[in-house]
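The block underneath contains the structure these notes are about, expressed in structure tokens.
The values are calculated or read from the model by the stated rules, or taken from the named source; none is laboratory data. Since the model is a prediction, treat every value here as computed from it, not as a measurement. Neighbour counts are summed over all protein chains in view; Cβ atoms, including those assigned to glycine, are modelled from backbone coordinates with ideal geometry.
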Amino acid sequence: MAGKLVKSIREAIQLAGLKDGMSISFHHHLRNGDYTLNLVMHEIAALGVKELTLNASSLFDTHAELEEHIENRVVTKINTNYMSSGLGRRISEGLMEAPVSFRTHGGRPRDIQLGITPIDVAFIAAPTADCAGNCSGKFGPSACGSLGYAFPDAMYAKKVIVITDNLVDYPLKGWSIPEIYVDYVVRVDAIGNPQGIVSGTTKITRDPVGLIMAQTAVKVIKHSGLLKDGFSFQTGAGGASLAAASYLKNVMLQENIRGSFASGGITGYLVDMLEAGCFESLMDVQCFDLKAVESIRKNPAHQEISAMQYASPAAKSAVVDNLDVVILGATEIDTDFNVNVHTDSSGYIMGGSGGHSDTAAGAKLSMIIAPLFRARLPIVTDHVSCISTPGRDIDVLVTQRGVAVNPKNQELMLRLKDAGLNVMDIQQLKAVAERITGKPGHLTRGERKVAEVIYRDGTVIDSIYSV
Amino acid sequence: MLRSMLFLPGNTPGIIINGEILGADAVILDLEDAVAPTEKDSARVLSRNAIKYMGFGACQVIVRINGIDTPYWQKDLDAIIPVKPDFIMPPKVSCAQDVEAVDQYITALEEKCGFEKNTIKLIPLIETALGIENAFAIAASSKRIAGIFLGGEDLTADLHCKRTKEGHEIQYARCRMVCAARAAGVEVFDTPFTDVNDDEGIYTDAQYAKSLGFSGKSAISPRHVQAINEVFSPSLKDIDYAYEVMEAIRIGKSQGKGAVALRGKMIDAPIVARAQQTIDMAKALGLGREE
Amino acid sequence: MKKIIRSATAGTLESSDALVTVAPHENGVVIEVDSVVQKQFGEEIFRAVEETLRALEVKDARVSVVDRGALDCVIRARVETAVLRGEEDA
């Protein structure tokens, strides 16, 4: 047991037997505060290992050093669920030969479990661990709360290395990932910068347009017929989505509705709802702020779930399949309700599905909330430049100037019309936007395929081309 | 109907473009306090273009021009009148003569543009001690006057007192304004509530203004608009009662009765007039019962 | 006809706005557009500048637009203001 504790990341990498052409993995709970990926990649590069496949649940701007490792062919293939704009821009400019494979938060654990994307060595950044590798995100100076996305890596990788900056006596009390999966443990000075890991507080938007959309979103939920005892809900951490959560809380309390659970990335707003009795439980795959971290540490009703339990289509059942309502964002949505969350208005990669398509597929009501235009760009297009989530999984688009219901959901359309909401055909909504902004010219895409979008069932649903 | 009027800074395109969807009955494009002296030219051109090319949907458009003691107000009107806003709001109006100056200037521009005279109405902003004392004269000074508008911030400076959330210091001004406006047969609008983070306070303040007789209230934050609309809309109870009153009157008339009672109370002319106002407003808002 | 006799700017670099600079120039109009929505609206912006200059009877000028997603009517307003600020005093 004591033999698991090794002196350095380099030693652990060597002991794990990392060789050219292998696959390594990382999880992203430390978000833009993560030091671990850079520390590990630096050692790997120094060891001269080449042509690795990097499987990371998400990549952030703090991982910009990867560019160098890609240029030096240390990394030649990337599998990820999300990529922020720093690295995304370089990928779009044609940095890599092999296209990046984008999956979803549910598709990634599925493909790891099924051996489609096997992992040779997994690196788990653990805010607290003991010398046997029992580890948790709930405690320590770099506490991040849930370690949900790291579970498939721990369970299915050939070798698992836990990296911690808070090594405690065996046995760690309240571990999330148990020692049975762990090969080596390394102590480092810091696994991340707490300021970048979780924000002190996530704040609801002050943008009046966002607040208007949030109010409309809650009206849609209220009149959908789903808001009753046992209600389940998920929303992102965007300002308007959080505002919707806070308005929803008021409605649930006023009407004395006791929901079942809220899931996904958890913020203080959902913690407030749990504590106010709006929900019986939170199903937490990732914490977004300190309040959520404190809650998951202290409140047994606030439960950590693995990426598999969250969203994997290979799991025997998953939380997303029990969702009533999910609120999601979009950079573009087309008149068939296909949604793009991968690329920006110029075609550069700046995001990814994350749990977008998983929750949209699972929830009874999938709502996109987005301003009808951003600066001068209308959100509704004839064809999205990248399909992240297929339109068949989207029920309704909420904008500040009207609501469009997918014609496949006639019941919802009637309910919202009866409730007096400003329901429009999505073509009409597009026309409203273009009357204000003018009709945008089409983007011409580049020659080279720089990424592919793999739907949660494993099928490639779209490709992203160079800019 | 002007329950809520939302101030928008006249030189900030990012805010102006979504002005119409924030729920206000009217937007006030502000060329005065929200615009630095060096940007007055820029704001008037931008606001003019926004009205001309974009419009504000179902919202009525008010433009707050610069005061007649500044070198800007005529240029403001030169730019804005041709695009036909619904109302001009001249600030710091202290006497009937202030209105006359603006009135005459607008008349000349209306003629030049080929508009019918008095197309563009005025909502003078009264925010000085002298203006309060002259409120009736101002309200009755021109056919263009649609209403008068109380500005609490500048007024308290002029009164040498502090503006408070409770507003005791503007109590007299509020009452005087309502009385003057009603005497002149025009509307009267209340000063904005200035704490944008106090979501409860806005209700209290708006309810109080309504209880004094104000027709509506302005807002400096979109977050206050909904509260103002709620407070200044008739409640379903009010609407039901108004219909009951009208029904009782109808029955009374058909039976040839001179006096009609409802719930043991005599219905006199003012009650009928108020009931009719409530029904008109409810219809305009699409509230309450079908007839 | 209006003559641009000094360099002048109008607008800002905030989202939904544009910063327009006019400067004296001989022999015609030179327009430069740098926009966050260049691909979608580059030509429209160019046309809006041209039309505004024509309406203001500006024959010679160098105009640069740094656009942050401003609507057409905003671009036109900023160009007009810059011209008013840069023209010969009437």
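Observations on the model:
- Conditions (1) of a type outside the set (Phe, Trp, Tyr); (2) away from every other protein chain (no Cβ under 13 Å); (3) in contact with a helix residue (DSSP H, G or I) (Cβ under 7 Å, 6 or more places away or on another chain): number failed by residue A:398: (2)
- Condition broken by residue B:99, with the remaining ones in (1) surrounded by 17 or more Cβ atoms within 10 Å (Cβ to Cβ); (2) aliphatic (A, V, I, L, M); (3) without any contact (Cβ under 8 Å) to a residue 40 or more places away in the chain satisfied: (3)
- The stretch C:30-41, subset at pLDDT 95 or above and surrounded by fewer than 16 Cβ atoms within 10 Å (Cβ to Cβ), residue nearest to the other protein chains (Cβ to nearest Cβ): C:34
- Within the stretch C:1-18, the set of residues being within 14 Å of chain A (Cβ to nearest Cβ) and surrounded by fewer than 20 Cβ atoms within 10 Å (Cβ to Cβ) comprises C:13, C:14, C:15.
- Taken together, A:303, A:286, A:309 contain a single residue that is in a strand (DSSP E or B) and either over 20 Å from residue A:359 (Cβ atoms) or in contact (Cβ under 8 Å) with a residue 24 or more places away in the chain (or both), which is A:286.
- Among the residues of the stretch A:71-94, those identified as touching a residue at least 60 places away in the same chain (Cβ under 8 Å) and surrounded by fewer than 17 Cβ atoms within 10 Å (Cβ to Cβ) are A:85, A:93, A:94.
- Cβ-Cβ distances below 8 Å connect the following pairs, each with a first residue in the stretch B:151-177 that is in the same structural domain as residue B:219 (by TED's automatic domain parsing) and on the phi > 0 side of the Ramachandran plot, a second residue that is crowded, with 16+ Cβ neighbours inside 10 Å and assigned to a helix (DSSP H, G or I), and a separation of six or more residues or different chains: B:167/B:152; B:167/B:174; B:167/B:205; B:167/B:208.
- Criterion applied to A:209, A:198, A:218 was being buried (at least 18 other Cβ atoms within 10 Å of the Cβ) and closer than 30 Å to residue A:41 by Cα, and the one residue passing it is A:198.
- Candidates B:88, B:80, B:106, filtered to the one that is in contact with a strand residue (DSSP E or B) (Cβ under 6 Å, 6 or more places away or on another chain), β-branched (Val, Ile, Thr) and farther than 22 Å from residue B:178 by Cα: B:80
- Residue A:465, sole failed condition from (1) loosely packed, with under 14 Cβ neighbours inside 10 Å; (2) of a type outside the set (Gly, Ala, Ser); (3) more than 13 Å from every other protein chain (Cβ to nearest Cβ): (1)
- Within the stretch A:11-31, being assigned to a helix (DSSP H, G or I), surrounded by fewer than 17 Cβ atoms within 10 Å (Cβ to Cβ) and touching an Asp or Glu at 6+ places or on another chain (Cβ under 9 Å) holds for one residue alone: A:15.
- Among (1) in contact with a strand residue (DSSP E or B) (Cβ under 7 Å, 6 or more places away or on another chain); (2) among the β-branched types (Val, Ile, Thr); (3) within 14 Å of another protein chain (Cβ to nearest Cβ), the one test that residue B:196 misses: (1)
- In the stretch A:144-154, the residues that are out of contact with any Cys (no Cβ under 8 Å at 6 or more places or on another chain) and touching a residue at least 60 places away in the same chain (Cβ under 8 Å): A:148, A:149, A:150, A:151, A:152, A:153
- Residue within the stretch A:291-301 that is within 26 Å of residue A:349 (Cβ to Cβ), among the small types (Gly, Ala, Ser) and not assigned by TED's automatic domain parsing to the domain that holds residue A:107 present: no
- Taking the conditions (1) under 25 Å from residue A:344 (Cα atoms); (2) part of a strand (DSSP E or B); (3) within 14 Å of another protein chain (Cβ to nearest Cβ) in turn, residue C:44 satisfies each one other than (2).
- Against the test of being within 14 Å of chain C (Cβ to nearest Cβ) and either on the phi < 0 side of the Ramachandran plot or buried (at least 16 other Cβ atoms within 10 Å of the Cβ) (or both), the options A:446, A:354 yield a single qualifying residue, A:446.
- Selection of helices (runs of 4 or more DSSP H) fully inside the stretch B:172-291 by the criterion of at least 3 residues being of a type in the set (Asp, Glu) returns B:236-254.
- Residue B:181 vs. criteria surrounded by 19 or more Cβ atoms within 10 Å (Cβ to Cβ) and within 14 Å of chain A (Cβ to nearest Cβ): no
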